[in-house]
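The structure appears below as structure tokens.
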Amino acid sequence: MELMDDQKNYKARLAHVNTLIFDFDGVLSDGMVLLNEEGHYLRRTNVKDGYALQLAVKKGYRVAIISGAKAEGMYHRLYGLSLTDVHLGVPDKMVVYEQIKEKYQLKDENIIYMGDDIPDFKVMQKAGIAACPLDAATEIKSISDYISDKKGGEGCARDIIEQVLKLHGKWMDDEAFKW
């Protein structure tokens with residue numbers, strides 16, 4: 001099957017990506033939040049996303065999380081995957097996006113941002129590549145360069161990370177077989 005022009009353009013732009021930024025709820029989790037007896041929120045995440053996140057870090061990519069939500073379990077999960085740019089409880093994602101760009105001297109074209117709902121909208125318009133899960137809000141899909149065939153919390157982060165690493169020749173090497 002031959003790629004359409006917009007797909008070719010998207011794949012060509014992936015070559016410039018060295019930074020991957022993700023929302024948490026609805027992207028790394030399935031968006032469902034359970035409340036336990038003690039009042040703690042519980043989120044479901046995907047182990048395949050986790051594998052891909054830690055591999056991207058190991059391969060030298062910057063991986064950041066910008067989320068409006070904040071819970072101790074989220075920190076535990078993300079730090080356990082060797083992520084260090086974890087920004088939770090963020091009221092304005094654009095502020096943190098600009099801080100990340102400045103800190104690492106990045107251009108928008110170096111960044112892919114995956115979000116799923118309205119708080120991600122402005123950042124996605126600014127990032128070099130805007131991506132979203134299959135079950136993202138309609139407004140988010142309308143501005144996305146790439147819509148994963150996976151839903152939030154069901155491997156959409158792995159989908160985009162795998163594409164970047166494969167394009168850069170960093171997917172199935174000796175390091176990939178180790179945690």
(message) So for segment 49-63 (the condition being of a type in the set (Asp, Glu), part of a helix (DSSP H, G or I) and surrounded by fewer than 18 Cβ atoms within 10 Å (Cβ to Cβ)), does at least one residue qualify?
(response) no
(request) Would you check if Lys122 is surrounded by fewer than 23 Cβ atoms within 10 Å (Cβ to Cβ) and within 18 Å of Ala69 (Cα to Cα)? (result) yes
(message) Would you confirm, using the coordinates I've provided, whether Leu83 is in a helix (DSSP H, G or I) and of a type in the set (A, V, I, L, M, F, W, C)?
(response) no
(message) Just the residues that are closer than 19 Å to Val90 by Cβ and of a type in the set (A, V, I, L, M, F, W, C), please, taken from segment 20-46.
(response) Leu20, Ile21, Phe22, Phe24, Val27, Leu28, Val33
(request) Go through (1) surrounded by fewer than 18 Cβ atoms within 10 Å (Cβ to Cβ); (2) within 19 Å of Val17 (Cβ to Cβ); (3) modelled with pLDDT of 95 or more; (4) of a type in the set (Lys, Arg) one by one and return the number of the condition Arg158 breaks. (result) (1)
(message) Restricting to segment 161-176, and then to whatever is in a helix (DSSP H, G or I) and without any contact (Cβ under 8 Å) to a residue 40 or more places away in the chain, can you tell me which residue is nearest to the chain's Cα centre (by Cα)?
(response) Lys166
(request) Hey, could you check segment 1-40 for residues that are at pLDDT 80 or above and part of a strand (DSSP E or B) and say which is nearest to Lys151 (Cα to Cα)? (result) Asp30
(message) Would you confirm whether or not segment 97-104 contains a residue that is within 15 Å of Thr19 (Cα to Cα) and in contact with a Gly (Cβ under 9 Å, 6 or more places away or on another chain)?
(response) no
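So, in segment 132-179, how many residues would count as being in contact with a strand residue (DSSP E or B) (Cβ under 9 Å, 6 or more places away or on another chain), among the charged types (D, E, K, R) and under 26 Å from Met74 (Cβ atoms)?
5
Name the residues in segment 71-85 that are of a type in the set (Asp, Glu) and modelled with pLDDT under 95, would you?
Scanning segment 71-85 gives a single hit, Glu72.
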(message) Testing Val96 on (1) surrounded by 12 or more Cβ atoms within 10 Å (Cβ to Cβ); (2) not in a helix (DSSP H, G or I), one condition comes back false. Which one is that?
(response) (2)
(request) For segment 99-121, enumerate the residues that are assigned to a helix (DSSP H, G or I), farther than 17 Å from Thr84 by Cα and either of a type in the set (Val, Ile, Thr) or touching a residue at least 40 places away in the same chain (Cβ under 8 Å) (or both). (result) Glu109, Asn110, Ile118, Pro119, Asp120
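The values are calculated or read from the model by the stated rules, or taken from the named source; none is laboratory data. From a predicted model like this one, the values you see are computed outputs, not experimental measurements. Cβ: placed from backbone, ideal geometry, glycine included. Neighbour counts: every protein chain shown.
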